[in-house]
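The values are calculated or read from the model by the stated rules, or taken from the named source; none is laboratory data. Keep in mind it's a predicted model, so treat the numbers as computed, not measured. Positions of Cβ are generated from backbone atoms using ideal geometry, with glycine treated the same way; all protein chains shown enter the neighbour counts. For the accessible areas, the whole protein counts, side chains as well, though only heavy atoms, and no ligand, DNA or RNA atoms are used. Shrake-Rupley method; radii C 1.70, N 1.55, O 1.52, S 1.80 Å.
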Amino acid sequence: MQAQVNNQEKYGLMVEDRKQLQSKFSVCQAKIYAAPELAPAAAHLEMEQVNKEIDKLAKDLAAFEQSRFALWNNEQYWTVYLKSGKKMSFWSAGPSARFAVEKLKAQLNKMASFQVAIAGPFKRPDLNTSQQALDAIRTTLEIDLELQRMVKQYLNK
């Protein structure tokens, strides 16, 4: 049960970190995007810091989600034994857990495909990639939440 609480706290912190990074990124990106070559050096330095934080969050989230994926990607985990002695599996029945787990794996692969530029000066494609990485992080967290709801609803865990 303690691991469950820690995972919930960790998940909540990552959601909050992503929101704060999105805000920081938006402010910084607005200073650079219109004319990257004319943007002040301070804006590029600020973007370096933001991109380092985005990269760190993406790596931390990937490690966190890989461990959750390892737990959830198991048909036995999604099997419930009823009081009547019957066995019920949510792995492939109804809104299946298997589909959601596969969606998480695909999203983790997508998230890993974005290479956030760490050093400036930044150009528009660099800024676009940073935003795409933030979007991928958000989507990964949303899929995780979907799986958390399935665990609670199907398995009462």
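The set of residues from the range 15-36 being closer than 12 Å to GLU53 by Cα and among the acidic types (Asp, Glu) comprises just one member, ASP17.
For beta carbons closer than 6 Å, sequence separation of 6+ or different chains, a first residue in the range 95-121 that is of a type in the set (Phe, Trp, Tyr) and a second that is open to solvent by 20 Å² or more (accessible area, probe 1.4 Å), the qualifying pairs are PHE114/THR129; PHE114/GLN132.
So which residues in the range 122-140 are under 14 Å from ILE32 (Cβ atoms) and either free of Cβ contacts under 8 Å to residues at least 12 places away in the same chain or open to solvent by less than 60 Å² (accessible area, probe 1.4 Å) (or both), if there are any at all? Of everything in the range 122-140, those that are under 14 Å from ILE32 (Cβ atoms) and either free of Cβ contacts under 8 Å to residues at least 12 places away in the same chain or open to solvent by less than 60 Å² (accessible area, probe 1.4 Å) (or both) turn out to be PHE122, PRO125, ASP126, LEU127, ASN128, THR129, SER130, GLN131.
Based on this model, can you work out whether ALA119 counts as of a type in the set (A, V, I, L, M), at negative phi and open to solvent by less than 10 Å² (accessible area, probe 1.4 Å)? So ALA119 does not fit the description; no. Of the numbered criteria (1) out of contact with any Leu (no Cβ under 6 Å at 6 or more places or on another chain); (2) at pLDDT 95 or above, the one GLU65 fails is (1).
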